[in-house]
Amino acid sequence: MAIILHIDTAGEKAMVAFTKNKEVLAIKENTVPNTHAAFVQASIQELARLANIDLHLIDAIAVTMGPGSYTGLRVGLASAKGIAYALQKPLIGLSTLALLAHAAKKSPIFTSHGLQIFAMIDAKRMEVFGAIFNQAQEISLKEQAIELDSAYFENLVLNGPLLCIGSGATKVKDLTNHPSVWYSDLTYNILDFIALAESKFALQAFEDLAYSSPAYLKEFYIKSK
């Protein structure tokens, strides 16, 4: 019956929510650019009041660790760590790419035999922050910054059909028309947050408040050959 505070400021849309026993108690989103810092703290207080939640009684704080917006990630993690430290609550770090991979379960082609899920976030030009998962949500290509070209996808489909999901997926359409490469405009939502956060909470897979930092990935570049 865990009560979890969720914070996501990794992208253009920010989200704050409280959940209990996998059900949403209160949620609020923000789509106004460059206002996530002001949105987060005010929304937490507002939602706690509306849902009659005593912040001291929450069990954990879940926050997106990246990859994503440099400024957004700093805002979200700083807020989450501050609350976790003040209330002495555990911090659950969630990958935006793992959240996208979980969202891929909603795709009608998810059950395709041997499907690879390429979660990708736009990193400008022909670059993405990406990772590849199998249908069991196990990672086969770790999170990294990737420079895309057509040969890259020709090599990937040798391992099985590929579903591209996330803000970087539109770039793929200009690079390959391979029949085994599909695209999805799905994105993650609070239900994906709940699934991953509850799983980590059950395993007590918590972040170290002193040493946890956002997964910017920008310093690592993998060029396809």
Answer yes if at least one residue in region 215-225 is modelled with pLDDT of 90 or more, out of contact with any Leu (no Cβ under 9 Å at 6 or more places or on another chain) and over 18 Å from PRO108 (Cα atoms), and no otherwise.
-> no
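Before we move on, is ALA84 within 20 Å of TYR211 (Cα to Cα) and at pLDDT 95 or above?
Yes: the conditions hold for ALA84.
This table checks each residue for (1) touching a residue at least 40 places away in the same chain (Cβ under 8 Å); (2) in contact with a helix residue (DSSP H, G or I) (Cβ under 9 Å, 6 or more places away or on another chain); (3) under 23 Å from HIS6 (Cα atoms).
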residue	(1), (2), (3)
LEU87	no, yes, yes
ALA103	yes, yes, yes
SER107	yes, no, no
LEU115	yes, yes, no
LYS124	no, no, no
Test each condition in (1) surrounded by fewer than 16 Cβ atoms within 10 Å (Cβ to Cβ); (2) within 23 Å of SER69 (Cβ to Cβ); (3) at pLDDT 90 or above for ALA197 and report the one that comes out false.
-> (1)
Any residue in region 149-158 that is at negative phi, crowded, with 16+ Cβ neighbours inside 10 Å and among the polar types (S, T, N, Q)?
-> no
Select, from ALA51, ALA26, ALA62, ALA104, the only residue that is under 19 Å from SER167 (Cα atoms) and touching a Leu at 6+ places or on another chain (Cβ under 8 Å).
-> ALA104
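Quick check on region 74-88. Is at least one of its residues of a type outside the set (A, V, I, L, M) and assigned to a loop (DSSP other than H, G, I, E, B)? Steps first, please.
Pass one, region 74-88, residues of a type outside the set (A, V, I, L, M): 74, 76, 79, 81-82, 85, 88.
When the remaining residues are screened for being assigned to a loop (DSSP other than H, G, I, E, B), the result is 88.
Among the residues of region 74-88, at least one is of a type outside the set (A, V, I, L, M) and assigned to a loop (DSSP other than H, G, I, E, B), which makes the answer yes.
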Restricted to region 2-17 and to residues being surrounded by fewer than 21 Cβ atoms within 10 Å (Cβ to Cβ) and closer than 14 Å to ALA60 by Cβ, the residue modelled with the highest pLDDT is ILE3
Is at least one residue of region 12-27 at positive phi and over 17 Å from the mean Cα position of the chain (by Cα)?
-> yes
Index of the failed condition, ASN34 passing every other in (1) out of contact with any His (no Cβ under 7 Å at 6 or more places or on another chain); (2) part of a helix (DSSP H, G or I); (3) assigned by TED's automatic domain parsing to the domain that holds ASP192 | (2)
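The values are calculated or read from the model by the stated rules, or taken from the named source; none is laboratory data. Computed from a predicted structure; not experimentally measured. Virtual Cβ from ideal backbone geometry, glycine too; neighbours counted across all protein chains shown.
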